[in-house]
Amino acid sequence: MKRHFGVLLILFMFIFSSLVFAKEPLFDPAPKAPSPSQYNSPADYEKAVGKKITHFKEAPTLAELVKQGKLPPVEKRLPEKPLVIVPVEEVGKYGGSWRMAMRGRADTMLLVRQVGYEGLVIIDPDLANVLPGIAESWKIGGNGRTFTFYIRKGIKWSDGQPFTTNDIMFWYKDIILNKELTPVIPSWLTSEGEVVKVEKIDDYTIRFTFKKPNGLFLPYFATGAGRGLLTPAHYLKQFHANYVAKDKLNELVKKEGLNTWVDLFNNKNNFWMNPELPVVYAWKVTTPVGVGTRVIFERNPYYWKIDTEGNQLPYIDRLVIDIVDNIEVMKMKALNGEIDMQSRHIGQIIADYPLYAENKAKGGYRLIKQTHTSMNSMLVIFNLNHKDPVLRKLFNDKRFRIALSHAINRQEIIDLVYMGMVEPWQVSPRRGTPLFYEPAAKNYTEYDPKKANQLLDEMGLTKRDKDGFRLRPDGKPIEITIEIGVEKSDWIDSCEMIKKYWQTVGIKVATKVIDRSLWETRTAAGEHDIVVWWGDSGTGYEPLIMPFWYFPWSHPASRQAPQWALWYQTGGKSGEAPPPEIRHQMALYTQITTTTDVNKQRQLFKQILEVQAKNLYIMGICTIPPQFIIARNNFRNVPEAYESGQYPTHGPVNPCQFFIKE
């Protein structure tokens, strides 16, 4: 612990002296994403701002291919109503390569986040509103049971073939409903145990029908979950058992060195491993993952978005991603100016800030603020389903939880562990977001050991052993273990401080770092006392679609009460029935899932937060420190953004409009 504090205090002193006394901002100036960030068509753009897009333009490399007769004119490659993207700073210039780095071949989430975020619908940069994507519009019917999407006419795959509802039907009938390819149907495609019905109305109209209203279908669809339906039927049919003779398919499997046609199909349907796979993304892989130490993407000549002057996007020609062995190599590349723009693995730890700040001039880059969507740096999660009946009774007495919350000196943790850059916080969506609720964020955050002792005494926990630790009703010392499933220095240091605070009010505490897989096994089985984890789902739609910390929603994700979550998840068929307040939260959330009225959803969720604010089922410590994006000085149109696991960073801010300025 002393080693951790020594490093953190040095970092704190560096930042405090160099930035506070010098009155310099922590991050370099960067614009917010524009609002609106897009217009649904050139006509909508003209109607809104009075400017008409008179003709379309394209990258010089594509214009040359048109001259050679190798590509149709740009007007023929765009849909009838291309999506109009509003540049963050200015209309960009064509050309150049965007350099990034991956941490090994398995780090493909970088590719998903920067390239692979498209869908029928997408999310706005605030992660709070669903926007048109490949679908130019949609209608909701049946009180939220049916969703009819209208695809942009003329949209094309990267090989020039038309994208139609036939592709979506192939995904539905031949992938989702094929038990070999999809042994378990994703839960977001089911309703009361029944698979969603997907039907083609015409070549550009598709309808999804659920058994009961599905109020959160659209925001969940916009996470990128709907990316799977972007499957080019004309290409993938040649690897599918429904369309190819068994003998021929077996030959293909053998030729590829695989075991089954399912392996073959999945390999061919992988946008970062198969250069032949047609895509609708801004860039298409040409040197795939698995070939050497570099992955290369090149522009899609049929991409369906334009800027406000009619320039077909993307601006950047190529993406060049180096595969490196570890994060230290990645850091050195960034410090040397060999990474053009990246946040994954680069700016996610604020303790790295001084190193990057010191080398900005040498590396020719700037540091742009990035806000994590999580609502808390570290949650303290009591096991309300504890197998020890005595501890279970203690943990389920809200006076015990409130007492231990008052016993924590959050400001001291913030100053020593988080360099004073955050504020005390419980379990509530972030400030400034639609679902923020002050009492849930701030209740019981005051450091008041006297109040903590009073509440513990009030519970009858007045007897102590010779070491001053309070005794349980059965005469044994109250002993609690805090289990840490990831070796994060800030969690370890914070938990050591919490141990000190709680022992001061008579609760004996041990802290223990364990392997993550063991941590997951133990928490799923309810074998823990207290565990710590990130306070996920704090921004925009995230709390609504992933509410596992706000009430026991999902087993095993809701570590505070895995048996109550299982009861909710199975409709009472498994697990344990929770107390009335928890059942009230569950009933409120069920109402949320059956209405598509966003305002009503937010009102209902506030009531869920009211119950949490009153009872403090999970305890928080503080908000999460800011992160940063590293961007070369000539790499432009990069706004401040959210770091989100649900809505892939930087997808919602349209990487297709990033450009390299001469």
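The values are calculated or read from the model by the stated rules, or taken from the named source; none is laboratory data. Please read these numbers as outputs of a predicted model, since none were measured by experiment. Positions of Cβ are generated from backbone atoms using ideal geometry, with glycine treated the same way; all protein chains shown enter the neighbour counts.
Just a few scattered comments:
- Taking the criterion of being touching a Gly at 6+ places or on another chain (Cβ under 9 Å), closer than 24 Å to R299 by Cβ and either polar (S, T, N, Q) or surrounded by 23 or more Cβ atoms within 10 Å (Cβ to Cβ) (or both), the only residue of segment 316-338 that qualifies is I316.
- Check on K246, under 26 Å from the mean Cα position of the chain (by Cα) and either outside the structural domain of M169 (by TED's automatic domain parsing) or small (G, A, S) (or both): no
- Highlighted here are the strands (runs of 3 or more DSSP E) found entirely within segment 91-152 that include at least 3 residues which are of a type in the set (S, T, Y), surrounded by fewer than 22 Cβ atoms within 10 Å (Cβ to Cβ) and outside the structural domain of G290 (by TED's automatic domain parsing): 146-151.
- Members of segment 272-303 found to be under 14 Å from Q657 (Cβ atoms) and hydrophobic (A, V, I, L, M, F, W, C), listed by number: A282, W283
- Figure legend. Inter-residue proximity from segment 573-585: first residues in contact (Cβ under 8 Å) with a residue 24 or more places away in the chain and in the same structural domain as L616 (by TED's automatic domain parsing), second residues aromatic (F, W, Y) and in a loop (DSSP other than H, G, I, E, B), beta-carbon distance below 7 Å, spacing 6+ or different chains. Indicated pairs: I582/F551; Q585/F551.
- Considering segment 547-662, the qualifying strands (runs of 3 or more DSSP E), each wholly inside and each with 2 or more residues that are β-branched (V, I, T) and either modelled with pLDDT of 95 or more or within 30 Å of L110 (Cα to Cα) (or both), run over 627-632.
- When we screen A641, A613, A557, A631 for residues that are closer than 30 Å to V417 by Cα, touching a His at 6+ places or on another chain (Cβ under 6 Å) and either of a type outside the set (G, A, S) or not assigned by TED's automatic domain parsing to the domain that holds G96 (or both), the only hit is A641.
- Set I321, I306, I339: member being touching a helix residue (DSSP H, G or I) at 6+ places or on another chain (Cβ under 8 Å), assigned by TED's automatic domain parsing to the domain that holds P79, under 30 Å from W491 (Cβ atoms) and outside any helix (DSSP H, G or I): I339
- Among the residues making up segment 284-311, those that are farther than 12 Å from D322 by Cα and among the aliphatic types (A, V, I, L, M) are V285, I306.
- Wholly within segment 40-89, helices (runs of 4 or more DSSP H) carrying at least 1 residues that are in contact (Cβ under 8 Å) with a residue 40 or more places away in the chain, under 28 Å from A641 (Cα atoms) and of a type in the set (D, E, K, R): 42-49
- Note on segment 407-464: enclosed helices (runs of 4 or more DSSP H) holding 2 or more residues that are farther than 16 Å from M378 by Cβ, without any contact (Cβ under 8 Å) to a residue 24 or more places away in the chain and assigned by TED's automatic domain parsing to the domain that holds E610 are 438-442, 449-458.
- Residue in segment 154-166 that is in contact with a strand residue (DSSP E or B) (Cβ under 6 Å, 6 or more places away or on another chain), of a type in the set (G, A, S) and within 30 Å of R602 (Cα to Cα) present: no
- In segment 287-315, of all residues being more than 30 Å from E89 (Cα to Cα) and hydroxyl-bearing (S, T, Y), the one that is surrounded by the most Cβ atoms within 10 Å (Cβ to Cβ) corresponds to T287.
- Residue that is nearest to R399 (Cα to Cα), among those in segment 416-436 that are buried (at least 20 other Cβ atoms within 10 Å of the Cβ) and aromatic (F, W, Y): W425
- Every condition in (1) in a loop (DSSP other than H, G, I, E, B); (2) more than 21 Å from L616 (Cβ to Cβ); (3) not aromatic (F, W, Y) is met by H528 except one, and the failing one is (2).
- Top-ranked residue of segment 626-638 - restricted to ones that are buried (at least 21 other Cβ atoms within 10 Å of the Cβ) and in contact with a helix residue (DSSP H, G or I) (Cβ under 9 Å, 6 or more places away or on another chain), ranked as farthest from E89 (Cα to Cα): Q627
- Top-ranked residue of segment 156-205 - restricted to ones that are in contact with a Pro (Cβ under 8 Å, 6 or more places away or on another chain) and small (G, A, S), ranked as farthest from F265 (Cα to Cα): G160
- In segment 348-387, the qualifying residues are those that are in a strand (DSSP E or B) and in contact with a Pro (Cβ under 9 Å, 6 or more places away or on another chain), and the one that is farthest from Y418 (Cα to Cα) is R366.
- Qualifying residue in segment 559-566 (condition: closer than 30 Å to A225 by Cβ, touching a residue at least 40 places away in the same chain (Cβ under 8 Å) and surrounded by fewer than 24 Cβ atoms within 10 Å (Cβ to Cβ)): yes
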